[in-house]
Amino acid sequence: MARLEAIRILLAIASMLDFKLFQMDVNSAFLNRYIKEEVFVEQPPGFQDFEFSNHVYKLKKALYGLKQAPRSWYERLSQFLIKCEFHRGNVDSTLFFKKSNKDILFVQIYVDDIVFGSTNLFLCKEFSTNMQQEFEMSMMEELVRPEKFK
Amino acid sequence: MAFVFKIEPKTVDDAFKDENWYLAMQDELNQFKRNEVWDLVPQHQNQQVIGTKWVFRNKLNDSGCIVKNKARLVVKGYSKKRELTMIKPMHLWLG
């Protein structure tokens, strides 16, 4: 799990090296992967089946709040990144980076949000395209502070 | 969605009083159907069944205006690690 400190350090590095950070998130990240364990959950409050009110739902994919959820998403994502020749941070395992010539691309995973930045804008665009091809992702947006936090 | 409801309901009963929140819950369940999230099966004895709960949040845009009523179905009390629920206090809904 990403620590807030790690995000702050990334923000600091970005402002020091003067590069822009971008953000993208995964649409229903937690639903992307099938779970191996047998998990049964109650029918949703207010939406119980009239005919089968005693039935329960057997999960095929993870739901929010399930402890398997963040982990299985993280596993799938990190496998993909490593395949794309990223290195995983030794201290913070949710920080990935990739060097290419003189440039470097940082990718910080924050549950279903991904914050990334590079000394070379092209690397960011390339990363964004790759991610969109592999996962159901939102477009990359520049990371800005929402109005209410200014 | 043209109209959104400002108050985030605390209970499912409150949510049922407003059409937008009702639609938000249906959206979530439709998404489960599309993604093949679960199957309805008969309950067996000695089977651990985890409770579910609705969480209602307004999604804001960059200027802080409500753009969407989002209902999310979550499982209760299975996640023992506090950090998982605590680490992303605002981001979860704004992101």
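A few notes on this one:
- Number of partner chain Cβ atoms within 10 Å, mean per residue of A:49-59: 4
- Zero-based 10 Å bins, Cα pair distances in chain A, whole percents: 10, 35, 30, 15, 8, 2, 0
- Reciprocal of mean inverse Cα separation for region A:40-119 (Kirkwood radius, Å): 15.5
- Nearest 10 degrees, 0 to 90: helix A:121-134 Cα axis against chain A principal axis: 20
- Tilt relative to chain A, helix A:68-83 - C-alpha long axis, 0 to 90 degrees, to 10: 40
- In terms of surrounding Cβ atoms within a 10 Å radius of their Cβ, B:I7, B:I50 rank from fewest to most as B:I7, B:I50.
- Note that region A:86-93 has calculated 3J(HN,Hα) couplings of 8, 9, 9, x, 6, 8, 10, 6 Hz, one per residue in order, obtained from phi through the Karplus relation 6.51 cos²θ - 1.76 cosθ + 1.60 (θ = phi - 60°); glycine and proline are x.
- Residue order, fewest to most beta carbons within 10 Å, for A:Y74, A:Y57: A:Y74, A:Y57
- Nearest 10 degrees, 0 to 90: helix A:4-16 Cα axis against chain A principal axis: 30
- Residues A:D18, B:D27, A:D49, ranked from the fewest to the most other C-beta atoms within 10 Å, line up as A:D18, A:D49, B:D27.
- Listed residues A:E51, A:E38, A:E136, most fluctuating in chain A (Gaussian network, C-alpha, under 10 Å): A:E51
Throughout, read-outs are computed from the coordinates displayed, never taken from laboratory work. Everything numeric in this text was worked out from a predicted model, so none of it was measured. Please note: Cβ atoms are built from the backbone with ideal geometry, for glycine as well, and neighbour counts cover all protein chains shown.
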